[in-house]
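Please treat every number below as a calculation from the coordinates, not as lab data. Because the structure is a prediction, the values reported are computed rather than measured. Cβ: placed from backbone, ideal geometry, glycine included. Neighbour counts: every protein chain shown.
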Amino acid sequence: MTIQEVDVRKIKPTLDKELVFGRLFTDHMLSIDWTKEDGWESPKIIPYGPIKMATSASSLHYGISVHEGINVVENAKTGNLQAFRVQEHLGAFLDSSYHLDMPGFCTMELQECIKKLVKLEKSWINITQAPDQFYSRMVHFSTDKTLGVRTPQATKMLVMLNPVLLNSKGISLKCSYNVNKNWPLGHGQFRVSGNLGPLMPSVTDAKMNGFDDVLWLLDDYIKEMTILNIFMLQQSRYGHLELLTPPDDGCILNGVTR
């Protein structure tokens with residue numbers, strides 16, 4: 001692995017409201033390229049920023065892209081950074097890559113690469129008084145320059161870190177109508193980037209009408225939210241509490257926590 005550190009680091013935010021999902025990223029990111037001829041190149045940690053890619057790259061035209069996320073927090077007692085079931089997340093990332101006929105990789109080696117990135121950026125944890133975390137976003141996509149629906153001959157993997165507050169709140173949901181998120185024998189159980197784009201009109205409509213998200217149904221059966229699984233706590237007719245969740249039948253994105 002090679003590490004290219006930035007000459008000047010970013011000014012870190014001081015307000016909690018700046019630590020929102022998906023907007024702020026740390027100084028560096030992990031980049032790994034693959035080609036059919038040479039296989040995986042040596043991983044690189046480089047300054048976070050734009051990347052160059054051919055206009056004809058097949059990920060732009062055919063949606064050959066997958067993603068996954070891992071939450072990293074600081075242990076309040078030891079000060080060590082830790083994450084929840086990393087190998088399960090990376091295994092799902094690998095399965096999704098295979099689903100789009102992209103190359104496989106060693107999840108243990110990728111974990112070590114991410115660990116080095118996280119350690120390099122540790123100063124971004126606890127930058128305000130509020131509890132926060134790293135949302136580690138991974139993306140693997142085709143950089144094949146040739147148009148046409150075919151197995152990618154070149155891909156790129158990136159990992160970036162988004163400092164974001166740890167918080168929870170009640171949310172309101174609007175049931176989906178005339179649009180299905182997933183369906184039997186589809187692709188909803190994989191972390192395919194293109195799964196979410198077609199949902200934007202429904203999500204935007206829900207938010208414009210005062211809701212936080214959409215509760216996706218299939219034939220009137222509850223399935224999941226847009227990026228979250230759903231659980232229901234109910235009391236049975238025998239007086240016992242039961243925790244229910246929709247089945248993993250290929251029509252939900254089976255999250256690691258679930």
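Starting from the stretch 91-109, keep only residues that are aromatic (Phe, Trp, Tyr), then list their pairs with residues that are in a helix (DSSP H, G or I) whose Cβ atoms are within a distance under 7 Å, requiring at least 6 positions of separation or different chains.
PHE105/LEU94
In this structure, is SER123 buried (at least 17 other Cβ atoms within 10 Å of the Cβ) and in contact (Cβ under 8 Å) with a residue 40 or more places away in the chain?
no
Which of the residues spanning the stretch 63-120 are crowded, with 19+ Cβ neighbours inside 10 Å, in contact with a Ser or Thr (Cβ under 7 Å, 6 or more places away or on another chain) and polar (S, T, N, Q)?
SER65
Just to be sure, is SER136 of a type in the set (Gly, Ala, Ser) and either touching a strand residue (DSSP E or B) at 6+ places or on another chain (Cβ under 6 Å) or on the phi > 0 side of the Ramachandran plot (or both)?
Criteria met by SER136.
Which residue out of SER59, SER42 is buried (at least 20 other Cβ atoms within 10 Å of the Cβ) and more than 21 Å from LEU166 (Cα to Cα)?
After applying the criteria, what remains is SER59.
I'd like the full set of residues that are more than 16 Å from CYS113 (Cα to Cα) and of a type in the set (S, T, N, Q), limited to the stretch 27-55.
THR35, THR55
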